[in-house]
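Step one of this worksheet: look at the structure below.
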Amino acid sequence: MGRWLALLSFLALGLAACGTTKTTQTVTGHLVEEGGMSSVQSPVPGNIEIIGGTHTYSTTAGWNGTFSLEVPAGTYQAQGRPAIKGLSGYPCVSQPFTLKAGTAIHTTVICAVP
């Protein structure tokens, strides 16, 4: 009897987990510098803000420029600030993007270096 009760409890928990909906979506991306003496995009580490409406979500990009963050569905734009001295004064932005429920998106935050 005890084994059946444990099995039924396990199955009930599994079924409950199948019915849950994810309330946040994944934004992944790269922080890159573009321009200057090079015509290619180079990844840079730094701080990232995902801004939508009145909400701002923050994360960091590693040395390879990659970042990942969970945010609610909505319309956003990403901004960045490189951690490399000499680049921190340049504007770093992505194109605006819209996240829909159950989706993920990849964006590139570009630091335009003259």
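A few remarks follow.
- Of all DSSP-defined beta bridges confined to region 23-113, some 75% are antiparallel rather than parallel.
- Sequence-ordered 3J(HN,Hα) estimates for region 46-54 from the Karplus curve with 6.51, -1.76 and 1.60 and θ = phi - 60° stand at x, 9, 10, 10, 9, 10, x, x, 9 Hz, glycine and proline given as x.
- Under 5 Å between amide hydrogens, built in the peptide plane, is the criterion, and for GLY65 it picks out VAL44 among residues at least 5 positions away or on other chains.
- Normalised by the number of residues in region 23-113, the mean separation of alpha-carbon contacts (under 8 Å, six or more apart) gives a relative contact order of 37 percent.
- Subtracting the Cα-Cα distance of MET37 and ALA73 from 0.36 nm times their residue separation leaves 9.2 nm of extension gain.
- More than 15 angstrom apart: percent of Cα pairs within region 23-113: 53
- Built amide H within the under 5 Å cut-off of ALA83, gap 5+: GLY46, ASN47
Each value in this text was obtained by applying a stated rule to the coordinates, not by laboratory testing. Worth saying up front: this structure is predicted, and the values here are computed from it rather than measured.
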